[in-house]
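The values are calculated or read from the model by the stated rules, or taken from the named source; none is laboratory data. Please read all numbers here as calculations on a predicted model, not as lab measurements. Neighbour counts are summed over all protein chains in view; Cβ atoms, including those assigned to glycine, are modelled from backbone coordinates with ideal geometry. The protein model used for the area step is the full one, side chains on, heavy atoms only, and it has no ligands, DNA or RNA in it. Shrake-Rupley method; radii C 1.70, N 1.55, O 1.52, S 1.80 Å.
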Amino acid sequence: MRIEPAAKRGYHHGELKEALVVAADAILREDGIEGFSLREAARRAGVSPAAPAHVFGNAAGLLTEVAILAHNQLGEYLAAAPRGKTPQAGLRALSRAYVEFALDEPGRFRLMFRKDLVNREDPRFFESGVRAFTPFIETAAQAYGGDLATISLERDAGSVFAAWSTAHGIAHLALEDKFAFDERGANSSIFLSELLPEILAAQWPDPVGVR
């Protein structure tokens with residue numbers, strides 16, 4: 001018996017869009033960015049190979065939707081991180097959450113920062129990123145003696161970018177198993193519970209006299 005493509009079985013536009021986003025996200029989770037193609041997304045969604053381009057225009061249009069989901073999920077990780085008694089403790093907790101997200105969702109994490117694969121001009125992509133990163137930016141500013149209301153990109157943002165670069169670099173090194181030279185870095189759970197706290201404490205110790 002010949003099975004009709006799903007698009008011919010009554011997909012509404014919104015349902016088709018959602019099905020393709022789910023399919024693309026599943027590919028990233030299972031096979032990474034290298035395994036993604038519009039054709040494979042269409043196959044998984046059960047629609048014609050032309051359907052993704054018809055709905056999203058191109059691969060970047062579809063992957064931008066997945067990247068927005070990634071921003072939202074990262075925001076949940078950061079929002080759930082305990083802030084601690086000091087900005088430094090908060091920054092350590094947020095950085096840990098950042099690394100945990102990367103290890104839990106490597107496909108989504110890598111996609112978020114691929115300018116060749118997402119449409120950075122999409123206002124929804126930009127807005128979702130701002131929402132996700134605001135807790136980190138605010139706490140980093142406080143850790144370096146400022147606050148979100150007064151920080152100036154021209155004058156003060158260097159410290160915030162340095163903090164983000166630290167968390168991001170740790171996440172990428174962990175994804176690539178670069179901490180494996182230390183036996184605690186060879187196991188992700190031990191890395192998170194033992195080695196990572198040491199790294200973060202060395203970077204952002206609490207002020208003297210504060211525990």
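General remarks:
- Residue ranges 93-99, 54-60 sort as 93-99, 54-60 when ordered by packing (mean number of other C-beta atoms within 10 Å per residue, highest first).
- When only Cα pairs below 8 angstrom with a gap of at least 6 residues are kept, the chain shows a relative contact order of 20 percent.
- In this structure, residue 131 and residue 190 have a Cβ-Cβ separation that, at R0 = 41 Å, corresponds to a calculated FRET efficiency of about 0.80.
- Considering all C-alpha pairs of the stretch 81-127, those separated by over 12 Å amount to 69%.
- Residue-count net charge about residue 29 - beta-carbon cut-off 9 Å; Lys, Arg +1, Asp, Glu -1: -3
- Summed over qualifying helices (DSSP H, 4 residues or more, each -39500 (n - 2.57)) and divided by its residue number, the chain shows a 222 nm mean residue ellipticity of -19500 deg cm²/dmol.
- Residue-wise HN-Hα couplings along the stretch 117-131, as the Karplus relation 6.51 cos²θ - 1.76 cosθ + 1.60 with θ = phi - 60° gives them from phi, are 10, 10, 9, 6, 7, 5, x, 5, 5, 5, 5, 5, x, 4, 4 Hz; Gly and Pro carry x.
- Taking the alpha carbon gyration tensor of the stretch 32-139, multiplying each eigenvalue by 5 and rooting it gives semi-axes of 32, 14, 10 Å, largest first.
- Note on the stretch 27-97: with charges restricted to the Cβ of Lys and Arg (+1) and Asp and Glu (-1), its dipole about the Cα centre is near 380 debye.
- Given the choices (i) -0.33, -0.41, -1.16, -1.34; (ii) -0.40, -0.48, -1.09, -1.19; (iii) -0.44, -0.52, -1.05, -1.13, log10 I(q)/I(0) by the Debye sum over Cα atoms at q = 0.09, 0.10, 0.16, 0.17 Å⁻¹ derived from the coordinates of this structure is entry (iii).
- Accessible area of the chain belonging to carbon and sulfur atoms, whole % at 1.4 Å probe: 54
- Residue 185 sits among other residues whose Cβ lies under 14 Å from its own Cβ, and their net charge, with Lys and Arg +1 and Asp and Glu -1, is -4.
- For residue 119, residues with placed amide H under 5 Å, excluding near neighbours: 64
- 3J(HN,Hα) along the stretch 56-70: 10, x, 6, 4, 4, x, 5, 5, 4, 4, 5, 5, 5, 4, 5 Hz, from the Karplus curve 6.51 cos²θ - 1.76 cosθ + 1.60 with θ = phi - 60°, whole Hz, x for Gly and Pro.
- Convex hull volume per residue, computed on the Cα atoms of the stretch 8-78, equals 85 Å³.
- Computed from backbone phi with θ = phi - 60° and the Karplus coefficients 6.51, -1.76 and 1.60, the 3J(HN,Hα) list for the stretch 136-141 is 5, 4, 4, 5, 4, 4 Hz; x is used for glycine and proline.
- Using a probe of 1.4 angstrom and keeping all protein chains present, the accessible surface of the chain works out to 55 square angstrom per residue.
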